[in-house]
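**Q** Dropping a structure here in structure tokens format, bear with me for questions.
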Amino acid sequence: MGRAKQLLDQWLTHRTVLEKLLETVPDEHLGFKPWPGAMALGEMAQHVARSADMFVNMAKTGQGRISMPETVPFASTAELLDFVRRMTEKTKAVYETITDEELRIHFDHPHPNFNGPREKILVVSNDHEIHHKGQLFVYARMIGVEKLPFFI
């Protein structure tokens, strides 16, 4: 198995759990924030989905900049989950086209964590997804969700 496929499979493992986690969130808690400066639960889920798409496209093309993705309010968890699933499919389609050769191409970026082979972008992207998924697990517990999916 090539490195690109390995990274894709790792990402999908975590994204699948994120989707299962979101299935446990009642609509009325999409705006939940554990502290005033935090991203709301629904915002964070969108942030994860949009960020992964941004990172994967950067890894594929070697172009782009890191920015805080835009979020929009969703009226229901079903709408949010539909958005995340559509973003998953969109991102997966690009991810599947990335070759091991592309992952070896050097990438220069103002943010030092991204300098090096493009593979580094995908590693950071997966770490970013894991970080925020962990936060969302805590959010879910804080809103009273008792039965959660296994974390990987």
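**Q** According to the Kirkwood expression over distinct Cα-Cα pairs, how big is the hydrodynamic radius of region 1-86, in Å? Walk me through the numbers before you get to the answer.
**A** Numbers: mean 1/r = 0.0706 Å⁻¹.
Hydrodynamic radius (Kirkwood, Cα only) of region 1-86 equals 14.2 Å.
**Q** Filter the trypsin sites (Lys or Arg not before Pro) in region 99-152 to those in DSSP coil with at most 11 other Cβ atoms within 10 Å of their Cβ, and list the result. Can you show the working numbers first?
**A** Details: sites: 104, 118, 120, 133, 141, 147; in loops: 118, 147.
Sites meeting the loop and neighbour criteria: 147.
**Q** If you plug each phi of region 96-112 into the Karplus form 6.51 cos²θ - 1.76 cosθ + 1.60 with θ = phi - 60°, what whole-Hz ³J(HN,Hα) values come out, in order, with x for Gly and Pro?
**A** 3J(HN,Hα) across region 96-112, in whole Hz: 5, 8, 6, 9, 4, 5, 5, 5, 8, 5, 5, 10, 9, 8, x, 7, x.
**Q** Let me have the relative contact order for the chain, percent, based on Cα pairs under 8 Å that are six or more residues apart.
**A** Worked out over the chain, it gives 36 percent.
**Q** What is the sum of charges, Lys and Arg at +1 and Asp and Glu at -1, for the other residues whose Cβ falls under 10 Å from the Cβ of residue 119?
**A** +2
**Q** In sequence order, what are the phi-derived ³J(HN,Hα) couplings for region 42-56 according to the Karplus relation 6.51 cos²θ - 1.76 cosθ + 1.60 with θ = phi - 60°, rounded to whole Hz, with x for glycine and proline?
**A** x, 5, 5, 4, 5, 4, 4, 5, 6, 5, 4, 4, 4, 5, 5
**Q** Run the simple label-point estimate for residue 3 and residue 86 please: 7 Å along Cα→C-beta, distance reported in nm.
**A** Placing both labels 7 Å along Cα→Cβ, they lie 3.4 nm apart.
**Q** What is the P(r) of region 3-142, as percent of Cα-Cα pairs per 10 Å bin from 0?
**A** With a bin width of 10 Å, the distribution comes to 12, 43, 31, 13, 1.
**Q** Quick check on the exposure proxy: order 111, 47 from fewest to most C-beta atoms within 10 angstrom.
**A** Going from least to most buried by this count: 111, 47.
**Q** Sticking with this structure for a sec: With r defined as the distance between the Cβ atoms of residue 135 and residue 101 and R0 fixed at 30 Å, what FRET efficiency is calculated, to the nearest 0.05?
**A** 0.30
**Q** Separate question: Would you mind checking 5/90; 60/147; 33/147 for any pair whose Cα atoms are more than 28 angstrom apart?
**A** 60/147
**Q** Taking amide H positions as placed 1.01 Å from N in the peptide plane, with prolines and chain starts having none, which residues 5 or more places from residue 107, or on another chain, fall under 5 Å of its amide H?
**A** Amide H neighbours of residue 107: 116, 118.
None of the figures in this text is laboratory data; all of them are computed from the coordinates on show. Just so it is clear, the structure is predicted and the values come from calculations on it, not from any experiment. Neighbour counts are summed over all protein chains in view; Cβ atoms, including those assigned to glycine, are modelled from backbone coordinates with ideal geometry.
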